[in-house]
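Okay, structure first, notes after.
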Amino acid sequence: MTVTTDLPGITTVLGISGWGVVSPYGLGADEFTAGLRAGRDVTVDAAELTDEPVPHPRAYALAGFRARDHLGRKGTSFLDRRTAFAVLACRQALADSDLVVDDDNRERVGVVLGTSVGSLQSTSDYSRDTHVQDKPYLVNPILFPNTVLNCAAGQAAIWHGLRGVNATLAGGGTATITALRYARTMLGRGRADALLVGAVEEYTPHMAWAGSPGSDGAPATAGGEGGAVFLVEDATAMRAAGRTPSAEIVAVDVAHTGAGMDVATALAGLVRRMLRDAGVAATDLARVLSCGAAEEERALDATVGRQADRSSVTGVAGDCPTAAGALQVAVLLAHHRRTPDDGSLSLIVAGSPDGTVGAALLRGTGHGSRNHR
C-alpha cells in the first residue's frame with residue numbers, strides 16, 4: 001500500500017505571484033530564463049570550489065559567487081553559502097511580485113524552506129574545529145548559527161522584515177514538494193496570507209560524493225548547487241483582488257512507501273491518484289519534469305507514458321537533490337515567461353531513497369511576467 005499524508009479539507013490552490021532563482025545559469029528569473037533558452041554548458045572546474053578531492057572534475061556551480069557582491073557588505077561576513085542563496089532568492093521573489101510588504105501585512109508573510117540537513121558544509125566545518133583547534137576548543141561562536149537547520153529561513157525573514165510563519169522542513173529529495181504542501185496547509189488554515197517557499201543547496205565535497213553511484217562506484221552525475229524560491233498566495237484571493245498568478249499549483253502531495261513497496265510503485269500510485277482527483281488525464285499534461293532518478297522514470301512510464309514532453313532537471317543543476325524540486329518549478333515558470341500558456345498543465349515528481357515520494361500539478365495562466373494585472 002501507499003501511505004499518503006494528504007490532509008482532508010485543505011483544497012487551497014496556490015498562486016505564484018513572484019519567484020527568484022539562484023543557479024549556474026545566473027541570478028534571477030530573467031537570467032535563468034535566458035540561460036535555459038541558450039542551452040549553454042554551465043559546468044565549472046570543481047577545483048575552483050574546493051581543495052578537497054571530488055568524484056567529478058566538473059560541477060554545476062556558481063564559481064566566484066560572493067554574498068557581499070549581491071547583498072552588500074553589512075551582515076554578510078558570516079553568512080554561509082546556502083543562507084546567502086536563500087536570502088538572495090527570497091529578495092528576488094519579492095521583487096518579482098506585485099505584493100508590497102509593509103507594516104500592515106509583514107506579520108502575515110513568512111518563509112518556508114525545504115532542506116535535507118541544513119548547511120552540511122557549515123556543520124562539518126564546525127564539528128571538525130571542535131577536534132582540531134587548540135583547547136579549550138577555540139571554535140568561532142559567530143559561525144554556530146549556520147549549523148542550525150532553520151538558519152536560512154530565519155535569516156531570510158530577518159533580512160526582509162517578515163514576521164509570519166517561519167519553518168524549515170527536512171524532506172531530502174522531496175524537500176520542495178514537502179514545503180509547498182506545508183505552505184498550502186498554512187494558507188488554507190488562515191495562518192498566513194503569503195509565503196516564500198522553496199529550497200536551496202550549496203555544492204560541497206560531501207554532497208558530491210553522496211550522489212547516486214554509477215557503474216564505477218562514483219556518482220553518475222556531477223554535483224551541483226542552486227535553488228529557487230516562490231512567493232505563493234491563495235490563488236482565489238489573488239483573483240478576487242484583481243490579480244493573476246504567474247502560475248497555479250493545483251495539487252501537491254507527498255506519500256510514503258508501504259511494506260514491500262518500492263519507490264517507483266509508490267510514486268506511480270501517487271501520480272495516478274493526483275491526476276484522478278484533479279480530473280486530469282495523462283494526455284492533458286504538456287510537460288513532465290523529474291529529478292532524473294531511475295525510479296521516477298519508471299513511475300512516469302507506468303502513468304503518463306511518453307506522449308508528454310518529459311525531461312529531467314539534472315541538466316540545470318547536476319546532482320542537487322534538495323533543490324531539484326524548486327528548480328523543476330523554476331524551469332516551468334521560465335517556459336511560461338518566454339511562451340505563456342493559458343491553462344497548460346505540467347507535472348513534477350520526486351522520490352527519496354528513504355521511501356518518500358512527492359508530486360505537484362501546475363497550471364499556466366498566461367501571465368509569466370511580473371505584470372500580474
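Computed values, structure above
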item	result
Index of the failed condition, L267 passing every other in (1) within 22 Å of the chain's Cα centre (by Cα); (2) outside any helix (DSSP H, G or I)	(2)
Selection from the stretch 300-332 of residues that are surrounded by fewer than 17 Cβ atoms within 10 Å (Cβ to Cβ) and more than 27 Å from T43 (Cβ to Cβ)	D301, A302, G305, R306, Q307
Any chance L99 is in a loop (DSSP other than H, G, I, E, B) and of a type outside the set (S, T, N, Q)	yes
Criterion violated by E297 - all others in (1) surrounded by fewer than 24 Cβ atoms within 10 Å (Cβ to Cβ); (2) within 18 Å of the chain's Cα centre (by Cα) satisfied	(2)
Test: residue in the stretch 7-14 that is touching a Pro at 6+ places or on another chain (Cβ under 8 Å) and either more than 30 Å from D277 (Cβ to Cβ) or modelled with pLDDT under 90 (or both)	no
Top-ranked residue of the stretch 326-349 - restricted to ones that are farther than 17 Å from V229 by Cβ and in a strand (DSSP E or B), ranked as modelled with the lowest pLDDT	D342
Matching residues in the stretch 178-224 - criterion: being in a strand (DSSP E or B) and either at pLDDT below 80 or among the acidic types (D, E) (or both)	E201, P213, P219
Given (1) under 20 Å from R163 (Cα atoms); (2) in contact with a helix residue (DSSP H, G or I) (Cβ under 9 Å, 6 or more places away or on another chain); (3) not in a helix (DSSP H, G or I), number of the condition A89 does not satisfy	(3)
Residue that is modelled with the lowest pLDDT, among those in the stretch 92-122 that are over 15 Å from H160 (Cα atoms) and surrounded by fewer than 19 Cβ atoms within 10 Å (Cβ to Cβ)	V117
Selection within the stretch 269-283 - over 13 Å from A359 (Cα atoms) and either surrounded by 17 or more Cβ atoms within 10 Å (Cβ to Cβ) or among the hydroxyl-bearing types (S, T, Y) (or both)	V280, T283
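The values are calculated or read from the model by the stated rules, or taken from the named source; none is laboratory data. Because the structure is predicted, anything quoted here is derived from the model rather than measured. For neighbour counting, all protein chains shown are included, and Cβ atoms are generated from backbone atoms with ideal geometry for every residue, glycine included.
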